[in-house]
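Taking it in order: structure first as structure tokens, then the write-up.
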Amino acid sequence: MSKIGFLVFIGLVPGALLLVAIFDWVRTWLRKPPLGHSVQVFILGHPWLAAVLAAVYAAMLAHFFLHIDHG
């Protein structure tokens, strides 16, 4: 990964987490179920999608650990 790509990644991940946290806080403030509950209901209704997402996540994690540059 290039240095620019790494910096963009480092900027986007916390930014996305911040947006999700704000969205979850607003839903809680409006007395609606939190985002995690909505995701859980969706995944329980679509177990095949949960399996596909778990496989994709595992492949991304394996790719990260197999391509660490030790130099």
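Read the figures in this text as sums done on the coordinates, not as results from a lab. In this text, all values refer to a predicted model and were calculated from it rather than measured experimentally.
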Margin query: What does the extension gain come out to for Lys32 and Val8, with contour length at 0.36 nm per residue minus their alpha carbon separation?
Written below: 5.4 nm
Next item on the list: Compute the length gained on full extension between Val20 and Ile43: take 0.36 nm times their separation in residues and subtract their Cα-Cα distance, giving the result in nm to one decimal.
Entry: 6.5 nm
Check: 222 nm [θ] for the chain, helices only, -39500 (n - 2.57) per DSSP H run of 4+, per residue, to 500?
Finding: -28000 deg cm²/dmol
Item checked: Whole-Hz ³J(HN,Hα) from phi, Karplus 6.51 cos²θ - 1.76 cosθ + 1.60, for segment 13-28, glycine and proline x -> 5, x, x, 5, 5, 5, 5, 5, 5, 5, 4, 5, 5, 5, 4, 5
